[in-house]
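Novice: Got a structure for you, questions after.
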Amino acid sequence: MKKYLKFAAYVSLLMMALAFTSCQDEFENITTDDQETIDVNSATAKLITNTVSNDGSFDNIVDGASCFAIQFPYTVEVNGLEITINSVQDLRLIEEIFDALEDDVDLLEIIFPITITLADFTEIVINNKQDLRELAEDCIEGGGDDDIECIDFVYPITLFTFNAEEVETGSVTVNSDKELRRFLAGLDEGDLISIDFPVVMELYDGTEVRVSNNAELAAAIESAKDMCDEDDDDDFNDDDFTKERLDNYLVECPWLVREVKRNGENQTDQYFEYVMNFKENGEVTVRDREGNVLNGEWNTRVADHAVLLKLEFDVLVDFSLEWFVYEIDDNRIKLYAGDGDRIILKSLCDATTDDPDTLREILKECSWVIKNVKNQGEEIDRLLGYEFSFQPMGVVTLSNGENTSEGSWEITLNNQGRLVMAITMGNEPGVSFEWPLSDLRDKRLKFEVEETDYELVLIRNCNDQANDGDVAEIRNYMLGGDWVVTQYKEDGIEQTANYQGYSLAFSPMHRVTVSEGQDPFLDGLWRVLRDDEGKLKLYLNLDGNSLFEELTDDWDIVSVTNTRIELKDISGGDGSIDNLVFEKL
């Protein structure tokens, strides 16, 4: 990394030096046989310096530079939406907005001024984009910079200083990378240091290494520095994975083909919903939509700090290539090669493809709340929050807390060996369909036919929801009186005034009544539950009125008191953000 050091850093180092420096004659002369010393210009000292340098790659999605990081908080505009970044976790919000649409142009603008922290922890105020770009040009990207991120020191560590005659001149205890980095930067030419061993170091995977001397320390850093992907690039989507993680992930679950592009041609229709199974022995099988099995081989390797997946088939020529693994997350892998060649795979984790009894038992053990349902691309908002109860003897009910519909259900296998949930409910055609299972998790089921845009997402609603202290507390708050809308912003546009004069009363059995003044005019559905990601959600379904239909959504609960509830929703379509606040009368 390019290093920058300003006067302020030297002032801090001087203060630190005064804390441990004393007269030379108070210490005895020692030899390297008693205590190993390290020259500040030695290779070992360089390894230590690189290990404790500030890593600036975590926010590359914003600044595109790994040799510095922007200090929180700061503000960015992402695809037209203004967002305040207060923590590392908030950076994920930018990625979610970018990923909302596959083929749009993603734009991000930083609102200046900002303060950046360099590799040596120096702080610089940047007032415009041009100054930031000039600094970023000096960064070395792609994992070739000096910064070592695959191993870290465990603090505190005590160090001793010596003059050129190896007479001890002081000691200092450091408690962080920043303190150690600044301490080293404050040493003069010819200064010597020693470390109070043993020292514990932690590898990128959490493994601890104990070193007892300078040689062991240098060897530990040297052997670890290329063990992980340091993510020193502007590719925020690769999400820091290793060859080992990819290998384990591939063999863990079957994979559903979602997109294939080769040689500039979209081949998705030909391969859509083919099922791939990777085996530990290097074999891979592909089952097509008619149930035919095609055999091939796979292997992975690391090259230039990237993980590559090689596929070889006699028949599937569009798959036979060495692919750059661009992204993996909880349910998706993206593969890229050449100019625009791409394969997107979706996980069928935990979806037992040959055991209908497994899914039957999962469905029967709890009720299931509708999070989303699409019928030929049309979202059926009026079913949001409705609850399925899958009963023995093939009976299924669907209820909104007031009205209940009854029908039949069955689990079968299609020609690909995929599980299908067939629902027949005469008075509710929105759910009457043969739903292929695409994702099965502990608290969520997803069924979809992507080519015709049918989708059903269900959230588990067991007794543990009622026993969840947060869920129970929020429910009790909402049952305790009438509430009014004190803020509603749709994609940043103020809409609150539209809801003045209205109140909402939340009642048991998940019913909500909207009144104008003292006159009730609309009944709807509400639920508080914790979803499959552990987020607290308020399901609000006010179908039947054009004004209040705007509030129909599965809202994220941001904050709650007994008199105020703040909600937020991020659109999965365009990344827009809606804000809603209820306050008790």
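The values are calculated or read from the model by the stated rules, or taken from the named source; none is laboratory data. Just so we're clear, the structure is a prediction, and the values are computed from it rather than from any experiment. When we count neighbours, we look across all protein chains shown, and the Cβ atoms used for this are built from the backbone with ideal geometry, even at glycine. Please note that ligands, DNA and RNA were not included when accessible areas were found on the heavy atoms of the full protein model with its side chains. Shrake-Rupley method; radii C 1.70, N 1.55, O 1.52, S 1.80 Å.
Novice: How many Å² of accessible area per residue for the chain, probe 1.4 Å?
Specialist: Details: 27260 Å² over 585 residues.
That works out to 47 Å² per residue.
Novice: A follow-up question, please. What distance in nm separates the simple spin-label points at residue 397 and residue 248, each placed 7 Å from Cα in the Cβ direction?
Specialist: Rounded to a tenth, the inter-label distance reads 4.4 nm.
Novice: Quick one: which residues, 5 or more positions from residue 38 or on another chain, have an amide H under 5 Å from its amide H? H modelled 1.01 Å from N in the peptide plane, none for Pro or chain starts.
Specialist: Under 5 Å from the amide H of residue 38: 193, 194.
Novice: Here's something else I'd like to know. What nm value, rounded to one decimal, do you get for the distance between residue 545 and residue 112 when each label is placed 7 Å out toward the C-beta?
Specialist: A separation of 4.9 nm, rounded to one decimal place.
Novice: Only helices at least 18 Å long along their axis, Cα-based, and averaging -0.5 or more on Kyte-Doolittle count here, so list those DSSP H runs from the chain. All intermediate terms of the calculation are to be shown ahead of the outcome.
Specialist: Numbers: long enough: 7-20 (21 Å, 2.15).
Those that pass (Cα extent of 18 Å or more, hydropathy at least -0.5) are 7-20.
Novice: Can I ask one more? Just to be sure I understand the model, the point goes 7 Å from the Cα along the line to the Cβ. What's the resulting residue 89 to residue 467 distance in nm?
Specialist: 2.6
Novice: Could you work out what % of the accessible surface of the chain is carbon and sulfur, using a 1.4 angstrom probe and leaving DNA, RNA and ligands out of the count?
Specialist: Of all accessible area on the chain, carbon and sulfur atoms account for 44 percent.
Novice: Under a 5 Å amide H to amide H cut-off, with H placed in plane at 1.01 Å, what residues pair with residue 169 once short-range neighbours are removed?
Specialist: Sorted by chain and number, the residues that satisfy this are 161, 162, 163.
Novice: Per DSSP H run of n ≥ 4, the term is -39500 (n - 2.57); total these for the chain, divide by its residue number, and report the mean residue ellipticity at 222 nm rounded to 500 deg cm²/dmol.
Specialist: Here the helix-only value at 222 nm equals -5000 deg cm²/dmol.
Novice: List every residue whose amide H lies under 5 Å from the amide H of residue 316, counting only residues 5 or more places away in sequence or on a different chain, with H placed 1.01 Å from N in the peptide plane.
Specialist: The answer is none.
Novice: With contacts defined as alpha carbon pairs under 8 Å and 6 or more residues apart, what's the relative contact order of the chain in percent? Show your work: numbers first, answer last.
Specialist: Details: 1240 pairs, mean separation 54.8, N = 585.
The value is 9 percent.
Novice: Taking 0.36 nm per intervening residue step and subtracting the Cα-Cα distance, what contour gain separates residue 77 from residue 188 on full extension? Display every interim value, and only then the final one.
Specialist: Values: separation 111, 0.36 × 111 = 39.96 nm, distance 4.43 nm.
Gain in length upon complete extension: 35.5 nm.
Novice: Turning to a different aspect of this structure: Relative contact order for segment 278-434: what is it in percent, counting Cα pairs under 8 Å that are at least 6 residues apart? The partial results should precede the final answer.
Specialist: Numbers: 269 pairs, mean separation 20.5, N = 157.
The value is 13 percent.
Novice: Per the Cauchy relation, a quarter of the hull surface: what is the mean projected area of the convex hull of the alpha carbons in the chain, in nm²? Mind showing how you got there, number by number?
Specialist: Values: hull surface 130.7 nm².
Averaged projected area of the chain's Cα convex hull equals 32.7 nm².
Novice: Run through segment 264-310 and list the trypsin sites (Lys or Arg not before Pro) located in a DSSP loop whose Cβ has at most 13 other Cβ atoms within 10 Å. Don't jump to the answer; show the numbers that get you there.
Specialist: Details: sites: 279, 287, 289, 301, 310; in loops: 279, 289.
Within segment 264-310, the qualifying trypsin sites (Lys or Arg not before Pro) (loop, at most 13 other Cβ atoms within 10 Å) are 279.
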